[in-house]
């Protein structure tokens, strides 16, 4: 099992090295770290090209500031893992919690796991009516935008 950890960043020179160190300490499966810099102007790019270039598997440098969504998509496109995990560069989320996100997928309980800073850290299964409706529209939108095909249960074909 390989985990692709995608880190979009913009002006994170004060935290980017620390988050990479914390991720490296995690004993989770085989992992690749992909950092996407969204045209930082604070010295982050220089850190990536210098100090961190041999610490991560891939560094993508956007040629202009496209925004976080674009950067995340670039990271996902270049990922080679079975599971993709998106990690903000600002240390808000702790890599020590990765197993809480990965275990439900590995154990077959979920296809997708979303973390939340508002709900708390324990696993919760959500199958409420409005969540099912939301998932339906999310799947349709994702399918349309990315041209993936899903079965009627939302599984990727």
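For the pair residue 66/residue 109, report the inter-label distance in nm, with labels modelled 7 Å from Cα in the Cβ direction.
With each label point 7 Å from Cα toward Cβ, the separation is 3.5 nm.
Give me the number: length gained by fully extending residue 137 to residue 78, i.e. 0.36 nm times residue separation minus the C-alpha to C-alpha distance, one decimal in nm.
Taking residue 137 through residue 78 to full extension adds about 18.6 nm, to one decimal.
For residue 88 and residue 39 in one chain, what is 0.36 nm times their gap in residues minus the Cα-Cα distance, to one decimal in nm?
The residue 88-residue 39 span can extend by a further 16.1 nm.
Compute the convex hull volume of the Cα atoms of segment 1-103, divide it by the residue count, and report the result per residue in Å³ as a whole number.
88
Every number here is computed from the coordinates shown, using simple stated rules; none is lab data. None of the values given here were measured: they were computed from a predicted structure. Methodologically, a virtual Cβ is constructed for each residue, glycine included, from the backbone with ideal geometry; neighbour enumeration extends over all protein chains shown.
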